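Quick notes on the structure that follows.
Nothing in this text is a laboratory measurement; each read-out follows from the coordinates by a stated rule. Computed from a predicted model, the values in this text were never measured in an experiment. Neighbour counts are summed over all protein chains in view; Cβ atoms, including those assigned to glycine, are modelled from backbone coordinates with ideal geometry.
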Amino acid sequence: MNIISFDIEEWFIEKAFNGGRAEKYAEFDAYLDKILNLLKTSEEKATFFCVGKMAEEFPEVIRRIAAEGHEIGCHSNIHTWLNKMTQEQMRQDTREAVDSIEQCIGQKVLSYRAPAFSIGENNKWALEILAENGIERDSSIFPASRDFGGFPDFGCNEPALVTYNGIKMKEFPISITKIMGKDFAYCGGGYFRFFPLWFVKKEMRKAPFSICYFHIGDLLPDSNGVMSREEYEKYFKEKGTLINRYKRHIKSNLGKKGAWGKLEKLVAHTDFINLDMADKAIDWTACTQITL
Ligand SMILES: [Zn+2]
């Protein structure tokens, strides 16, 4: 089973951090067109996790995606990492996001992905807040160590039914493989840009389950400049030292030039489904059960 997903926030981030440059909006629109055309040609449906503010400030973007029959999920309200929020802040963020998206598309939102997969050991309570807001499927757990946390003790690399404090959540953790004894993601974001396509495809064939994830920013050919200290601290909410800023710059620009072509080939050669379709195909009584 191969799932394809996109995280949609670029228009909102551009407006919030750069004031909203027309040429940037046009570039995002053009790449969204390319993604939607690619999925249409291959007759595949994806899950698009959208930030709530997109539904409020750029509703036409969300409606265009929904009109093509793709699933619209939630990607928080303002793209702040959940592990940088208190429970009360996250509760409000989630409620606002889900309300905005549901009003925009006129449908229930059932799937969620946290910015930067920021649900881990220290904020498992986030799952309870998602359930309170009607979310049934989550894809926020990165079951290995990474910047911004990860959840290395989650212990499962496939869809699992998670029980936490009385609630149940259908979890779709990010796909991980072992390279020289270490855990690595391989079919999304910077990992997809870094690894050659033959390697990504080989790992996907080996695994009974994979979930690919992309931001439009992963697919744009041009590199971003190095963030100023001020921009970095506003966006990442951590110290904007030169080392932090360069590390982030390299990670977010590695392999960008070839990324779109790789995605085209991957989609052409893979049968993808979205989270909604995967949910219906999985026997949740027979899958891994995890109590956190
Ligand atoms: Zn995101």
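Considering only beta bridges that DSSP places wholly inside region 142-292, some 70 percent are antiparallel. A simple spin-label model places pseudo-atoms 7 Å from Cα toward Cβ; at residue 64 and residue 288 they are separated by 3.8 nm.
Which chymotrypsin sites (Phe, Trp or Tyr not before Pro) from region 255-284 combine a DSSP loop assignment with at most 11 other Cβ atoms within 10 Å? Walk me through the numbers before you get to the answer.
Working: sites: 260, 272, 284; in loops: 284.
Answer in residue order: no site qualifies.
For residue 188, nonlocal amide neighbours, meaning residues 5 or more places apart or on other chains whose placed amide H falls under 5 Å from its own, are 213.
Roughly how large, in nm² to one decimal, is the mean projection of the convex hull of the alpha-carbon atoms in the chain? Let's see the in-between values first.
Details: hull surface 57.2 nm².
Projected over every direction and averaged, the Cα hull of the chain covers 14.3 nm².
Here the spin labels are modelled as points 7 Å beyond Cα on the Cα-Cβ line, and at residue 87 and residue 264 they lie 5.0 nm apart. Listed by chain and number, the lysines placed with their C-alpha closer than 17 angstrom to that of residue 108 are 53, 170, 280; residues fewer than eight positions away on the same chain are left out. Using a 10 angstrom cutoff on alpha carbons, build the Gaussian network for the chain and name the most mobile of 121, 56, 23. Looking only at 121, 56, 23, the largest GNM fluctuation is found for 23. Of the cross-linked pairs 84/124; 34/206; 15/234, those separated by over 19 Å at the C-alpha level are 34/206. Take every pair of alpha-carbon atoms less than 8 Å apart whose residues are at least six positions apart; their mean separation over the length of the chain yields a relative contact order of 22 percent. Computed over the chain, the per-residue total of -39500 (n - 2.57) for DSSP H runs of n ≥ 4 gives a 222 nm mean residue ellipticity of -13000 deg cm²/dmol, rounded to 500. Short-range pairs are left out: with C-alpha atoms under 8 Å and at least six residues apart, the relative contact order of region 47-146 is 30 percent.
Anything in the chain that counts as a DSSP H helix reaching 24 Å or more along its axis (C-alpha) with Kyte-Doolittle mean of at least -1.0? List them, would you? The qualifying helices are 22-41.
Amide H contacts for residue 290 (H built 1.01 Å from N in the peptide plane; partners 5 or more residues away or on another chain; cut-off under 5 Å): 161, 162, 163.
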